[in-house]
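Here is the structure we will look at, set down as structure tokens.
Please treat every number below as a calculation from the coordinates, not as lab data. In this text, all values refer to a predicted model and were calculated from it rather than measured experimentally. Cβ: placed from backbone, ideal geometry, glycine included. Neighbour counts: every protein chain shown.
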Amino acid sequence: MLQLSLAFFATAALYAAVGFGGGSTYNALLVLAGTDFRLVPVIALACNLIVVTGGTLVYWRSGWLRRDVALPFMITSVPLAWLGGATPIDRATFSLVLGLALLVVGALLVVPNRALQNSNTVRLAPRVLWVIGPIIGGAIGYVSGLVGIGGGIFLSPIMHLARLAHPKAIAATASVFILVNSAGGLAGQWFKLQTAAELPGVSAYLWLLLAVLIGGQIGSHLGSHALDGRTVRMLTGILVAYVGARLLLLWWQIA
């Protein structure tokens with residue numbers, strides 16, 4: 001459990017630096033550790049909540065959290081995250097589609113691109129953002145609840161590519177987006193777990209919650225104060241591509 005706790009600590013610190021919770025990597029680490037599959041998304045989402053709660057507070061205090069940008073994406077994501085969490089899933093097919101999509105998005109963020117290097121943001125009219133935001137947020141919310149992640153790993157690249165805000169504002173938006181989606185997805189996963197004939201125990205995994213609490217605070221402070229916007233965007237792309245490659249490897253193993 002010590003090695004797993006250290007891995008969760010490092011994951012939380014790295015992901016929190018770009019506004020993520022780390023749910024996708026927590027899932028992989030738990031599967032590799034032989035955790036009961038029914039518990040994997042529950043633990044991952046609980047860790048997400050801890051990491052991004054601290055991250056959201058840090059970004060809010062530093063002035064990077066913009067409600068006018070975040071709210072349109074969040075209004076539909078929470079109920080659909082709950083619905084996704086309560087829905088059964090075919091892991092093999094989903095891992096293939098999701099892995100390919102994340103690899104493409106990660107590459108677009110990492111490869112030098114004039115549009116991304118431009119520091120200017122695209123100012124959408126509020127009514128336009130309120131039209132496209134709920135659609136994007138709802139779709140991401142459902143998929144996130146389905147697989148036990150917070151969804152920031154989808155939203156952040158979309159916002160970077162569309163240049164909807166400063167990279168640090170995007171990290172702040174991703175953080176609060178993951179917070180509300182993780183809560184909705186966790187409620188749905190827990191609802192699904194209650195229907196199981198035998199509930200697996202969770203007490204052995206409590207140390208992981210402490211590990212991500214400490215790691216997440218360190219990463220959030222680095223992301224909001226020590227790292228510049230271009231570095232945040234580059235780290236986002238690397239993490240997204242890494243998760244995509246790992247999902248394709250998982251699909252290859254279980255297909």
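Values as computed for the structure displayed
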{"item": "Whole-Hz couplings from phi, Karplus 6.51/-1.76/1.60, listed for segment 23-35; x for Gly and Pro", "result": "x, 4, 6, 4, 4, 5, 4, 5, 5, 5, 7, x, 5"}
{"item": "Mean shadow area of segment 1-96, taken as a quarter of the surface of its Cα convex hull (nm²)", "result": "7.5"}
{"item": "Residue 214 versus residue 3: modelled label distance in nm, points set 7 Å from Cα along the beta carbon direction", "result": "1.9"}
{"item": "Net dipole in debye of segment 1-109 [+1 Lys, Arg Cβ; -1 Asp, Glu Cβ; about Cα centre; nearest 20]", "result": "200"}
{"item": "Additional length obtainable on full extension of the chain from residue 38 to residue 204, 0.36 nm per residue less Cα span", "result": "58.3 nm"}
{"item": "Gain in span if fully extended, residue 87 to residue 139, counting 0.36 nm per residue against the direct Cα distance", "result": "17.3 nm"}
{"item": "Sites residue 67 and residue 252 - FRET efficiency at Förster radius 51 Å, r taken between beta-carbons, to 0.05", "result": "0.75"}
{"item": "Theoretical FRET efficiency, 1/(1+(r/R0)^6), r = Cβ-Cβ of residue 128 and residue 190, R0 41 Å, to 0.05", "result": "0.70"}
{"item": "Segment 158-173 - phi-based ³J(HN,Hα) in whole Hz, Karplus 6.51/-1.76/1.60, Gly and Pro as x", "result": "4, 5, 5, 5, 8, 6, 6, 6, 4, x, 6, 5, 5, 4, 5, 5"}
{"item": "Residue-by-residue Karplus 3J(HN,Hα) for segment 174-188, coefficients 6.51, -1.76, 1.60, Hz, glycine and proline x", "result": "4, 5, 6, 4, 5, 4, 6, 5, 5, 5, x, x, 5, 4, x"}
